[in-house]
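This report concerns only the one structure given below.
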Amino acid sequence: SMSEDRSWITVNQLQSESVAYQYTTSLHWAVAQLGVGQTEIEAVSLPERIFSILVMFSALLSFSTLVSSMTSLMQRLDQLKNEEVSQFRSLRRFLAENEIEQELSHRVMRFLQHSLNVKKSVQSDDPQVLELLSKPLQGELQLERHKATFEQNGFFRRMLKQGGFHPIREMRLVAMICMQPQVMASGDVVFAAGSMANSCFFLAEGSFHYTFEKSHEELSNTWIAETCLWIPWTYAGDLVAQETSRLFSLDLSAFCSTVAKVDTTREMAMAYAKECADALNTRRGPVSDLWQSLSDSAEVNPSKSIRSGVF
């Protein structure tokens, strides 16, 4: 019948138009249901009318959900911004009330602004959701994260090369427990000559200035003070951050307690410590904190002048 043949295509005389034109016309109608724009296309039959009503309800729900989500997000961003402004206002008041000199005040402000920007960009070095991981899986993740760093250290490179269940398991614990990230401001002293070494460091990002006797070096992406892991050591030079920089500290006590838990890794560490002490005994003159102990194939020297005292 004539009523059964009626549709939006026949009423709008689109039978002779191309499929592309018919498609874009229907797309125009669909977008118009969201309340953006108008269209002359209307339902002309009962099925089309029912379909139009369903689409309108769906569009209403979708649009309301979108607006609600955007409003909630904007409110959250505004809240975070207000909290940041309030914190820095309190900081400026604190600095003024305590009559902190202007140069130091600027350094404090710059460092905190940089730290906040870093926190916003990466949401901390270890996202909070990682706390839900099992300990073995978290250790595997952290080892993969620090693998390139460990490859630059003779002992860790040897452990990774050794493979096996216990060395890899202990390496995962070292990565998860011992490697602690730190952010240093420009001018911050990482360590000073003559102080007892209780940590070694991997300089991850930024620039550091190392002074040893009369020599000066700009450092980045390297290990320093590794020797404290193997023998009692006092820092031989001064290490100062030249700009806002990031490093990882490896605590001596945490490292020793972690590696010494298993006979296999403890024996490897003791052998490496002995080789380190023997290698130091063959050197003449002062040794800086940049001294890297051994290659994977180093031979043991019989000298006993320096004794390994960590393990």
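Build a GNM of the chain with springs between Cα atoms under 10 Å: which of ASN281, ASN82, ASN221 gets the top mean-square fluctuation? It is ASN82. Between the amide H of GLY206 and those of ARG246, distances stay under 5 Å, these residues lying 5 or more places away or on another chain, with hydrogens modeled in the peptide plane. For the chain, the longest stretch holding no GluC sites (Glu not before Pro) located in a DSSP loop with at most 16 other Cβ atoms within 10 Å is which? Within the chain, the longest run free of exposed GluC sites (Glu not before Pro) spans 152-212. Calculated accessible area for segment 9-48 comes out at 71 Å² per residue, all protein chains present (probe 1.4 Å; ligands, DNA, RNA ignored). Calculated from the alpha-carbon coordinates, segment 12-162 shows an Rg and a Dmax of 29.5, 83 Å respectively.
Quick one: if the Förster radius is 51 Å, what FRET efficiency do ILE9 and GLU151 give, using the C-beta to C-beta distance and rounding to 0.05?
So, using R0 = 51 Å, E works out to roughly 0.15.
The calculated P(r) of the chain, using every Cα pair and 20 Å bins from 0, goes 23, 34, 20, 17, 6, 0 in percent.
Largest GNM mean-square fluctuation among VAL190, VAL55, VAL240, using the chain with Cα springs under 10 Å: VAL55. From helices alone, the chain scores -16500 deg cm²/dmol at 222 nm; the rule is -39500 (n - 2.57) for each run of n ≥ 4 DSSP H residues, then divide by the residue total.
For the chain, set up a Gaussian network in which alpha carbons nearer than 10 Å are linked by springs, and say which option among ILE168, ILE100, ILE231 fluctuates the most. Largest GNM mean-square fluctuation: ILE100. For segment 161-259, the alpha carbon convex hull comes to 103 Å³ per residue, rounded to a whole number. For the chain, complete DSSP H runs whose alpha carbons reach 15 Å or more along their own long axis and whose mean Kyte-Doolittle score is 0.0 or higher are 19-32, 46-97.
For the chain, which whole-number percentage of the solvent-accessible area (1.4 Å probe, protein heavy atoms only) is attributable to carbon and sulfur atoms?
The C+S portion of the solvent-accessible surface of the chain is 56 percent.
In a reduced charge model with +1 at each Lys and Arg Cβ and -1 at each Asp and Glu Cβ, segment 1-80 shows a dipole moment near 280 debye about its Cα centre. Taken along the Cα-to-beta-carbon direction at a fixed 7 Å, the label points for LEU34 and VAL108 span 5.0 nm. Residues of segment 226-268 falling in the label zone of MET196, defined by backbone nitrogen less than 13 Å from a point 7 Å along Cα to beta-carbon, are 232-235, 252-253.
The values are calculated or read from the model by the stated rules, or taken from the named source; none is laboratory data. Treat the numbers as computed from the prediction; the structure is a model and nothing was measured. Backbone-built Cβ (ideal geometry, glycine too); neighbour counts: all protein chains shown. What goes into the accessible areas is simple: the full protein's heavy atoms, side chains included, and nothing from ligands, DNA or RNA. Shrake-Rupley method; radii C 1.70, N 1.55, O 1.52, S 1.80 Å.
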